[in-house]
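Novice: The following block contains the structure, expressed as structure tokens.
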Amino acid sequence: MRVILKRIFNAIFLSFGISAVVFLLLRVLPSVSFSDLYLNPRLSDEAITRIKSSYGLDKPVLVQFFVWIKEIAMGNFGFSFIYRKPVIDCIFDAFLSTLIIGLPALIYSFGLGIVVGVQLARKKGKAIDKLVSSFLLILYSIPTFWVGIIFVLVFSNVLGFFPPSGLRSFNFSEMSFLEKIFDLFWHIFLPSFTLGIAPMSAVARFVRTHTLKVLSQTYVKMAKAKGLEERLIFYRHVLPNALLPVVTLFGLYLPVFLAGSVVVEEIFSIPGLGKLAIDSIFQRDYPLTVGITLFVSFIVILGNLISDILYTIFDPRIRLE
Amino acid sequence: MRVNQILFFLVLSLLLTLGCRKEVKRNYIVIGSTIDIDSFNPYLSTSLFTQDILDRVYLRLAVEHEDYRTFTPLLAKRWEWSKDSLQITFYLRNDVYWTDGVKTTAYDVEYSFKAATSPELAWLNAEDIVRNIEDVKALNETTLVVKYRYVYPYQVMDINDVWIIPRHIYEKIPFSEWRKNGFFDHNPVTNGPYKVARWERGQLIELVKNERYFDKNYPKIERVFVKIVPNESNLTLQFLNGEIDVLPSVSPSVAEKYEGSKNFKFVKYPHLAYEYIGWNQKNPIFADKKVRQALSYGINVDEIINVILKGNAVRSTSPFPSTFWAHNEKLKPYPYDIQRAKKLLSEAGWRDSDGDGILDKVIGGKKVDFKFTLITNAENQTRREVAVAIQNDLLKLGVKMEIQLYEFNTFMRHILDRNFDAVLSGWRIATKPDLSSLFHTEAIKSGHNIVSYSNPYFDKLNDSAAVLNNLASAKKIWDEIQEILYEDQPYTFLYEPVRINGISNRIKIETVKMNSISFLFNLHEWELR
Amino acid sequence: MMAQRKIFLVSIFVISYLAFADLIAPFDPIMSLDRQNLSSLPPLTRVYEINLKDGRKVIAFEYVKESEFVYYTQRFSRGRVKLEDLKNVRSLIFVFGTDNLGRDVLSRTIYGGKISLLIGIIASFIALFVGLIVGVFAGYFGGIADKILMRITDVFLAFPKLFLVLVVVSLSQRQTIFSLILILGLLSWMGIARFIRAEFLKLKNMEFVLALESVGFPELRIALKHILPNAVLPALVNIPLLVGDLILTESILSFIGFGVQPPTPTWGNMISEAEKSLLSTWWLPILPGILISATVLIMNWASEVEE
């Protein structure tokens, strides 16, 4: 327990350090903030300086840094230029949207991935195994933006099953509770599915390999020699051992689902963390960029920590250092 | 097996219910966009799209028309000029109310002027207004007096640029706080034909009929949605599918492919903008006028327009677009003429002395190859392709050009620092002719003279034309100025893009006016079929 | 052993592709024969190249020989040439169509594959190299060095990648393929470093190492000569996978202008650019898409360890 606390503390410290680096880099970066101002050839430099100073960008870097620390202490995490509200509020709103897409994707990609992987391992060498395995690889190798666009084209444009973008229908507020739930699921189906495809195939292939590894081990052969029923061996002895390493994958993929995917959010018009992050970088909304960095890097490190913890739970031989 | 069967039927019924969702009769229209608006506070908006939307919910004093010279009454019933033309008195309508029931008065305008010119707020378009308008005063609820510092041609235009905002709401927060306050984005109080029903950031904006609007005949379409889909392909798909009724800025290839469809039309009109290549004249290669002319002759712009823009552009010859009144019609675009280009280059001393296919010249005692890098921004697919076409054309002259794409902010930094050889970019022009910020010698240091062009004669003419009150005589000087630029070619003027908007046949096309002021110019007059 | 054989096979294949790519491309991948007439042709379009005796070329969609003239049709115009001027007529076929600028998609894909593979392979080796150094140091020295190096690895893992790229873009004057390769390599060494370190820790306690130590072999020599090869081999097997991943990453970078600069094609920038014109020229991404998938498939096949 103490170790876990220490690691969490470490994670906070590390993500804070990363954001501090980002903060400083942003200030020395030779690029323009408020670039659309410069597009107006009639705007004088003086006016631009005035606008910048109203955001406190004219102060020395060190002063800005302390202002930022103060904002963190106050729980605002700074003030977004483009959204005109505290960074923490922006992140919270976006994180909700990301979760709505990410959680179902997480569940289905791991659920389906494990099932498919195990079945493939059982049918190793047969035509179906080879076919599905290569199919999974192809899924893995198509860029996500193509998967997304093709889904929109097929399922929404041609077949008309799902809405092509957004999280809610226009008349969402007039719906009954059940309809709302249905509407929501109806909207998140395609983006969730798209988001989960690459991880799903990765999980399936990973599980397949590890199941095969376990199957080839001596104790399994022993059990078979002893004459135990094959189903029993498989579900009692092989599966638990084979699924153990999936836990590491879980930690690694957690950020993919929780930190938001730029591509999926852009295609399906979901105001999530990934879109927020990229907008903030491209529009040079410094406080927002730094805030998201803090949040996302914390999630990544937390993901690593969770996979470590889960590992110790499932495999008592290993200890957290 | 039984579980599988149940599962199968479940999926089947799910698909069926999804497939058969009943289409409710649509009495609304949906406008698609890849970007969201910046704010409902007009003084914080920067994008053109935001202005397009805000002009539907806020009323101005008058309606500016496509020629940028005619104004018809809106909030002001009429206006009178003083004898010396230094003062205009506006008489406001008495029946305009804000959406919260408070009357819109001249005091609102007076306050709006204060906001527009406030240094703490630093509004984007404040410069001209601060320079030209001395004072705005409300005499009573319906009478407004505007005093100018001097007489000039754009007096109505300048005061009309001021967005009129509800004083009783905006007064609550001091100007200096506006940029940091999201207060104005919640339930904005407006007075236009539409009011804001909701704004879900990055998702949609819903505009509904404003019951308090003074003209009870409008708007004809009572509900308008703006749907934001950042991905262009997805957005276009939704338009083709009929889910979106109005699609601003369709790409030329899509318009070409789906022209003649029964379900929608494409509306095309010239955009007040032009694309150019800027030759950085600090670079010794481009300091010579002959070289710049040669490069202009050596680029096949007509083919670029035909191939890349599918004919949806007009050749550009000067910094004033061809539809703008100050444009010099006598100028003909530089023809594509390789021989002439080669001749000019050799007159300028560029020869292929080492036979490597690339021209060279001795500059400052060193042999220099004719090699340079063209920068442009990565997000713009059209510019990417135009850059490659130019590269191919110039290679035929023995000029080696490389392409460097930058993400927009980095690109801007390179431009502002004059840190480039040549740049492919575009300007949206202001509606008042003034070229000092682009080509004046003084703008080299602190302005947008990014190519460091300097011609004293140009400076003198420009200074005299910009303040001239008589537009007819000003036009003569502008014509001469454009001839100078045409001769000097500080830019190679490429083309003026034509804007293509898609519009569904659900909307009566004869009621729709789209123009370079706004693609929603008369949204309140649109009617459904 | 099987895996090594497969990697060998794939390497031979890749190297010969790299060597002969320029030769098998039927058209110039950079410059179009005729921009105006060849722009945006769908797959399997046939056009005619009418060669004249004075060396001029005319691209035409159709032509007929009639009495003493050859009449031809182009996209925007018709024309004729005298039969006596005619040298020959060549029929050109664009199997996978042409892009907006009239360049042959097949040739661009073949040529682009060369660039993509080179980028992927060199960048993976950079990643391997950096990962190796970090992993070996951490695994060998342990203690404080291990902790610091692993924290650095964590930082790189958690650092927003796109942001890192943007920083490099803003700092560097010009992007070349080399700076791109470098940044791709620096973005992807972390997994390898962790892997090598773990292998090192595992091997350190293996019997043969303990045996060597007890006999009195110098520690450094054991580490470099006996542990390292055992740790590197499994890492090497992951290289093909990384190559596939990096080819895909380049497509995302080209989106923000950090990819390979035009007019040079890569599979990555071809498919990411094609996304924007999906609704008008749908055929552009097909071939590069298939080839990326095939490459990833082959690379995976190569790195798959048979039991």
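Novice: For A:ARG27, what accessible surface area do you get with a 1.4 Å probe? Give it in Å², rounded to 10.
Specialist: Number for this one is 60 Å².
Novice: Extending each Cα 7 Å along its Cβ direction at A:LYS180 and B:SER464, get the distance between those two points in nm, one decimal.
Specialist: 7.1
Novice: Using the basic label-point model (7 angstrom from Cα toward the beta carbon), what is the B:ASN419 to C:ARG151 distance in nanometres?
Specialist: Label-label distance for B:ASN419 and C:ARG151, simple model: 3.3 nm.
Novice: Right, next: Normalising by the residue count of the stretch C:45-94, find the relative contact order in percent from Cα pairs under 8 Å and 6+ residues apart.
Specialist: Reported as a whole number, the value is 43 percent.
Novice: Let me ask something additional. Can you find, among A:ALA121, A:PHE182, C:GLY79, the residue sitting farthest towards the positive end of the charge dipole of the protein assembly as shown, where Lys and Arg contribute +1 and Asp and Glu -1 at Cβ?
Specialist: Of the candidates, A:ALA121 comes out farthest on the positive side.
Novice: Another question, then. List the residues of the stretch C:68-116 that lose 40 Å² or more of accessible area once all protein chains are present, compared with their chain alone (1.4 Å probe, heavy atoms only, no ligands or nucleic acids).
Specialist: Flagged in the stretch C:68-116: C:ASN100, C:LEU101.
Novice: Using +1 at the Cβ of each Lys and Arg and -1 at the Cβ of each Asp and Glu in the stretch A:125-271, identify which of A:VAL154, A:LEU244, A:ASN171 lies farthest towards the dipole's positive end.
Specialist: Going by the Cα projections, it comes out as A:LEU244.
Novice: Could you point to the residue in B:ALA430, B:LEU520, A:TYR235 farthest towards the positive end of the protein assembly as shown's charge dipole, with +1 and -1 charges on the Cβ of Lys/Arg and Asp/Glu respectively?
Specialist: Positive-end residue among those listed: A:TYR235.
Novice: Eigenvalues of the Cα gyration tensor times 5, then square-rooted: what semi-axes does that give for the stretch C:45-94, in whole angstrom, largest first?
Specialist: Rounded to whole Å, the semi-axes are 16, 13, 9.
Novice: Let me ask something else about it. How big is the C/A interface in buried accessible area, both sides summed, 1.4 Å probe, to the nearest 100 Å²?
Specialist: Chain pair C/A: roughly 2900 Å² of buried accessible area.
Novice: Same structure, new question: Taking beta carbons within 10 Å but only from partner chains, what does the mean come to for residues B:178-191? Working shown, then result.
Specialist: Numbers: counts 2, 6, 8, 2, 7, 2, 1, 3, 0, 0, 0, 0, 0, 0.
Across the residues of B:178-191, the mean count of other-chain Cβ atoms within 10 Å is 2.
Novice: For n ≥ 4 DSSP H runs only, could you compute -39500 (n - 2.57) per run for chain A, divide by its residues and tell me the 222 nm figure to the nearest 500?
Specialist: Per the formula, -23500 deg cm²/dmol.
Novice: Roll a 1.4 Å probe over the protein chains and send me the accessible area per residue for the stretch B:308-454 in Å².
Specialist: Here the residues of the stretch B:308-454 average 37 Å² of exposed surface.
Novice: How big is the charge dipole of chain A about its Cα centre, in debye rounded to the nearest 20, if each Lys and Arg gets +1 on its Cβ and each Asp and Glu gets -1 on its Cβ?
Specialist: So the magnitude is around 1520 debye.
Novice: Other chains' Cβ within 10 Å of A:17-26 residues: what's the mean?
Specialist: 3
Novice: Counting protein heavy atoms only and a 1.4 angstrom probe, how many square angstrom of accessible surface do chains B and C bury in total, to the nearest 100?
Specialist: Numbers: alone 25210 and 17300 Å², together 39470 Å².
Accessible area lost upon association: around 3000 Å².
Novice: Something else: Would you list which lysines come within 27 Å of A:LYS180, measuring only between C-alpha atoms, while excluding same-chain residues fewer than 8 positions from it?
Specialist: In chain and number order, the partners are A:LYS275, B:LYS22, B:LYS25, B:LYS195, B:LYS209, B:LYS227.
Novice: A further question on this structure: Taking all protein chains as present, what is the carbon and sulfur share of the accessible area of the stretch B:393-435, in % to the nearest whole number, probe 1.4 Å?
Specialist: Ligands and nucleic acids excluded, carbon and sulfur give 43 percent.
Novice: Here's another thing I want to ask about it. Percent of accessible area on the stretch B:196-241 owned by carbon and sulfur, 1.4 Å probe?
Specialist: After summing per-atom areas, the C and S share lands at 38 percent.
Novice: Under a 1.4 angstrom probe, counting protein chains only, how are C:ARG194, B:ARG340, A:ARG208 ranked by accessible area, largest first?
Specialist: Solvent-accessible surface, decreasing: B:ARG340, C:ARG194, A:ARG208.
Novice: Report relative contact order for chain C in percent, whole number only (criteria: Cα-Cα under 8 Å, sequence separation at least 6).
Specialist: About 21 percent, as a whole number.
Novice: Which order do B:ARG499, C:ARG35 take by accessible area at a 1.4 Å probe, largest first?
Specialist: Numbers: B:ARG499 40, C:ARG35 20 Å².
Largest accessible area first, the list is B:ARG499, C:ARG35.
Novice: So if I place +1 on the C-beta of Lys and Arg and -1 on the C-beta of Asp and Glu, and nothing else carries charge, what would the dipole magnitude of the protein assembly as shown be about its Cα centre? I want it in debye, nearest 20.
Specialist: Roughly 2520 debye for the protein assembly as shown.
Novice: Which values, in whole Å and largest first, are the semi-axes of the equivalent ellipsoid of chain B obtained as the square root of 5 times each eigenvalue of the Cα gyration tensor?
Specialist: Ellipsoid semi-axes (Å, largest first): 44, 35, 20.
Novice: If you don't mind, there's one more thing I want to ask. Which whole-number value in Å² is the accessible area per residue of chain A, probe 1.4 Å?
Specialist: Accessible area per residue, chain A: 47 Å².
Novice: How much accessible area does B:SER33 have with a 1.4 Å probe, in Å² rounded to the nearest 10?
Specialist: Accessible area, nearest 10 Å²: 10 Å².
Novice: Okay, moving on. Compute the FRET efficiency between A:MET74 and A:VAL21 as 1/(1 + (r/R0)^6), taking r as their Cβ-Cβ distance and R0 = 22 Å, and round to the nearest 0.05.
Specialist: Numbers: r = 22 Å, r/R0 = 1.00.
Step by step, r from the Cβ atoms, then E = 0.50.
Novice: Mind giving me the FRET efficiency for B:LEU395 and B:GLU329? R0 is 45 Å, r the Cβ-Cβ distance, nearest 0.05 is fine.
Specialist: The value I calculate is 0.85.
Novice: Considering only C-alpha atoms, what is the centroid distance from the stretch C:1-47 to the stretch B:87-150, in Å?
Specialist: Distance between centres, Cα-based: 66 Å.
Novice: Can you list the lysines whose alpha carbon sits under 27 Å from that of C:LYS147, skipping same-chain ones fewer than 8 residues off?
Specialist: Once the sequence-local lysines are set aside, what remains near C:LYS147 is A:LYS6, C:LYS161, C:LYS202, C:LYS204, C:LYS225.
Novice: Rounded to the nearest 100 Å², what is the sum over both chains of accessible area buried where A meets B, with a probe of 1.4 Å?
Specialist: Result for this pair: about 4900 Å² buried.
Novice: Please give the per residue accessible area of the stretch C:45-94, computed with a probe of 1.4 Å over protein heavy atoms only, in Å². Show your work: numbers first, answer last.
Specialist: Values: 3330 Å² over 50 residues.
Counting only protein heavy atoms, the per-residue value for the stretch C:45-94 is 67 Å².
Novice: Right, another one. Let me spell out the model: positive unit charges on the Cβ of Lys and Arg, negative unit charges on the Cβ of Asp and Glu, origin at the Cα centre of chain C. What dipole size does that give, in debye rounded to 20? Before the final figure, lay out the partial values.
Specialist: Details: 28 positive and 25 negative charges, 100 e Å.
Magnitude of the dipole: close to 480 debye.
Novice: Provide B:PHE239, C:PHE208 ordered by accessible surface of protein heavy atoms (probe 1.4 Å), highest first.
Specialist: Values: B:PHE239 5, C:PHE208 80 Å².
In descending accessible area the options line up as C:PHE208, B:PHE239.
Novice: Determine, for each peptide in C:119-132, A:300-313, C:70-83, the mean count of other beta carbons within 10 angstrom over its residues, then list the peptides with the highest first.
Specialist: C:119-132, A:300-313, C:70-83
Novice: Which percent of the accessible heavy-atom area of the stretch C:45-94 goes to carbon and sulfur, probe 1.4 angstrom?
Specialist: On the way: 1430 of 3330 Å².
Exposed carbon and sulfur together represent 43 percent of the surface.
Novice: So the label point goes 7 Å from the Cα of B:TYR91 along Cα→C-beta, right? Which residues of the stretch B:137-164 then have their backbone N under 20 Å from it?
Specialist: Counting backbone N atoms under 20 Å from the label point, the list is B:137-147, B:156, B:160.
Novice: Now for a different question. If all Cα-Cα distances of the protein assembly as shown are sorted into 10 Å bins from 0 onward, what percent lands in each bin, rounded to whole numbers?
Specialist: Distribution as computed: 2, 8, 16, 21, 20, 16, 10, 5, 2, 0, 0, 0 percent.
Novice: Another question, then. Using 21 Å as the Cα-Cα cut-off, could you pick out the over-long pairs in B:LYS342/B:LYS396; B:LYS220/B:LYS508; A:LYS59/B:LYS172; A:LYS124/A:LYS221?
Specialist: Correct reply: A:LYS59/B:LYS172.
Novice: Here is a follow-up. Suppose each label sits 7 Å from its Cα in the direction of the beta carbon; what would the B:GLU442-B:GLU211 distance come out to in nanometres?
Specialist: In this crude spin-label approximation the distance works out to 5.5 nm.
Novice: Can you give the translational diffusion coefficient of chain A in µm²/s, computed by Stokes-Einstein from the Kirkwood radius over Cα pairs at 20 °C and 1.002 mPa s?
Specialist: Numbers: Rh = 22.9 Å.
Result for D is 94 µm²/s.
Novice: So if each residue of separation counts as 0.36 nm, and I subtract the Cα-Cα distance between A:ILE128 and A:ALA225, what length gain in nm does that give?
Specialist: Computed gain between A:ILE128 and A:ALA225 is 32.2 nm.
Novice: Something else: Can you give the FRET efficiency for B:GLN339 and C:LEU186, using 1/(1 + (r/R0)^6), R0 = 35 Å, r = Cβ-Cβ distance, to the nearest 0.05?
Specialist: It comes out at approximately 0.10.
The values are calculated or read from the model by the stated rules, or taken from the named source; none is laboratory data. Every value quoted in this text rests on a predicted model; they were computed, and no experiment measured them. All Cβ positions, even for glycine, are placed from backbone atoms using ideal geometry, and neighbour counts span all protein chains on display. Heads up: the accessible areas ignore ligands, DNA and RNA and are worked out on the full protein's heavy atoms, side chains in. Shrake-Rupley method; radii C 1.70, N 1.55, O 1.52, S 1.80 Å.
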